[in-house]
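The values are calculated or read from the model by the stated rules, or taken from the named source; none is laboratory data. Please read all numbers here as calculations on a predicted model, not as lab measurements. Positions of Cβ are backbone-derived with ideal geometry, glycine not excepted, and every protein chain shown enters the neighbour counts.
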Amino acid sequence: MGIAEENVTDQSGDELLKEIAEGLTEIEGRRLDCDFNRLKDFFPDVIPKLAFIDCTFVSNVSFLHLNMLGINFISCVFEDFAAFENSSIESCFFHECQFKKHASFSESIFKVRATFSDVKFTTASFSLAVFKKKALFYNCDVSEYLQLANISCSNSELILNRMPVAFITFSPSQSEGFSVEDIDWPSLEQIKQAGVVTESMCRAWKVRLRNMGDEWTASEWHLFEKELALERLSTGSNKVSYFFLACYGWVSRYGESPERASKVLAALIIAPFVFALIHMRPEIKLNEEWASYALGFIPLLSKASVSLNLSVFEKCGQIVWQGFLAIQSSLLALAVRNKVRR
């Protein structure tokens, strides 16, 4: 993708507008500096379908408050800010284009079809845009973010195909309206590096993927949600919530790792025996009494230690440890269930 400078012709905005008014519909291989809002001076009702091929737009591009039958951009470069706002567009097609600065399609209405394929965005916003029938985002590259928040596509199809979802922002309630195809789902590191995905968006992706039957990827988004929550809590004042969430992650990877949960459970079971061996009182011998003392820390087996004369501190310790084991057993069961479901 790109345009060779020697094949591009400079043209003034006045010259171009005159040609379009005289019937030109395909503009190819030009460097343009034009106020396209003046098109409505020549076409007060509706602007005919236009195609720009291998063109470079050297200054701000504005298509504001226009009514267009259609507009295509193929292998074009937008050097500066590009605005296609508050316009009514029958159909549009952007292919192998590059937006070097912000592109805004806010509050525009796409009546039939909007296609963005192999486009390079730096930042782009479709806030409050309306897609009435079909919109396709295919294999686009996004450097910073692509904002699809507050769009309207309830009665249409919006397809994200081979898109970098780590850079896409959206309203969580809208995720059910997205069709996702051939997505290379991001890692936690990629999500954190992009810095645009929120906890609520992770939760929305999780629900959407479960509805699609993709439990494995939904599980990953559950982990992303919890990790982002942990990161948020680490800088806040609610250290209690941070502590419990961190523990939840450590002992079972947020209910998603039976391996982690089983290892922690095994350690919790072994620990009382080690403790009993190290801190054993003189009257407790290394035999049945030692085992009885250790079993007192384990639920359902604690009655084995009733014959021992335990201190209040030891009895309280056994009760607390039994609680830990009961909780960890529940987390193991949850993790196994989640893995089986995947």
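Quick notes on this one:
- Wholly enclosed strands (runs of 3 or more DSSP E) of the stretch 82-132 bearing at least 3 residues more than 19 Å from GLY70 (Cα to Cα): 120-125
- Single residue of the stretch 140-153 satisfying the filter (more than 19 Å from GLU96 (Cα to Cα) and of a type in the set (A, V, I, L, M)) that is surrounded by the fewest Cβ atoms within 10 Å (Cβ to Cβ): ALA149
- The single condition among (1) closer than 22 Å to GLN322 by Cα; (2) among the hydroxyl-bearing types (Ser, Thr, Tyr); (3) not in a helix (DSSP H, G or I) that SER237 does not meet is (1).
- A search for C-beta distances below 8 Å between a residue of the stretch 302-329 that is small (Gly, Ala, Ser) and any residue that is part of a helix (DSSP H, G or I) and at pLDDT 90 or above, counting only pairs 6+ apart in sequence or on different chains, returns SER329/LEU265.
- Selection within the stretch 65-81 - under 14 Å from PHE105 (Cα atoms), of a type in the set (A, V, I, L, M) and not in a strand (DSSP E or B): LEU66
- Selection within the stretch 40-49 - touching a helix residue (DSSP H, G or I) at 6+ places or on another chain (Cβ under 7 Å) and either of a type in the set (Ser, Thr, Tyr) or modelled with pLDDT of 95 or more (or both): ILE47
- One residue alone among LYS132, LYS49 is in contact with a Lys or Arg (Cβ under 8 Å, 6 or more places away or on another chain), over 30 Å from LYS192 (Cα atoms) and in the same structural domain as VAL165 (by TED's automatic domain parsing), and that residue is LYS132.
- With respect to being over 22 Å from ASN161 (Cα atoms), more than 29 Å from the chain's Cα centre (by Cα) and free of Cβ contacts under 8 Å to residues at least 12 places away in the same chain, PRO44 fits the description.
Results for (1) closer than 19 Å to GLN147 by Cα; (2) part of a loop (DSSP other than H, G, I, E, B), shown as yes or no for each residue.
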residue: SER175; (1), (2): yes, no
residue: GLN193; (1), (2): yes, no
residue: VAL197; (1), (2): yes, yes
residue: ARG208; (1), (2): yes, no
residue: GLU227; (1), (2): no, no
residue: ARG232; (1), (2): no, no
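Each row is one residue, and each column tells you yes or no for (1) on the phi > 0 side of the Ramachandran plot; (2) buried (at least 21 other Cβ atoms within 10 Å of the Cβ); (3) within 17 Å of the chain's Cα centre (by Cα).
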position: ALA114; (1), (2), (3): no, yes, no
position: ALA129; (1), (2), (3): no, yes, no
position: TYR138; (1), (2), (3): no, no, yes
position: ASN155; (1), (2), (3): no, no, no
position: ASN161; (1), (2), (3): no, no, yes
position: GLY177; (1), (2), (3): no, no, yes
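- For the stretch 47-70, the condition of being more than 30 Å from ASN150 (Cα to Cα), in contact (Cβ under 8 Å) with a residue 12 or more places away in the chain and out of contact with any Leu (no Cβ under 8 Å at 6 or more places or on another chain) holds for at least one residue.
Residue-by-condition table, conditions (1) out of contact with any Cys (no Cβ under 6 Å at 6 or more places or on another chain); (2) touching a residue at least 60 places away in the same chain (Cβ under 8 Å):
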{"site": "MET212", "(1), (2)": "yes, no"}
{"site": "PHE224", "(1), (2)": "no, no"}
{"site": "GLU227", "(1), (2)": "yes, no"}
{"site": "LYS239", "(1), (2)": "yes, no"}
{"site": "LEU245", "(1), (2)": "yes, no"}
{"site": "PRO258", "(1), (2)": "yes, yes"}
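- Scanning the stretch 134-173 for residues that are basic (Lys, Arg) and assigned to a loop (DSSP other than H, G, I, E, B) yields a single hit, ARG162.
- Residue check for PHE170: closer than 26 Å to ARG210 by Cβ, touching a Leu at 6+ places or on another chain (Cβ under 9 Å), in the same structural domain as ASP54 (by TED's automatic domain parsing) and not aliphatic (A, V, I, L, M): yes
- Any hit, the stretch 190-204, residues being among the hydrophobic types (A, V, I, L, M, F, W, C), free of Cβ contacts under 8 Å to residues at least 12 places away in the same chain, within 27 Å of VAL336 (Cβ to Cβ) and not assigned by TED's automatic domain parsing to the domain that holds VAL142: no
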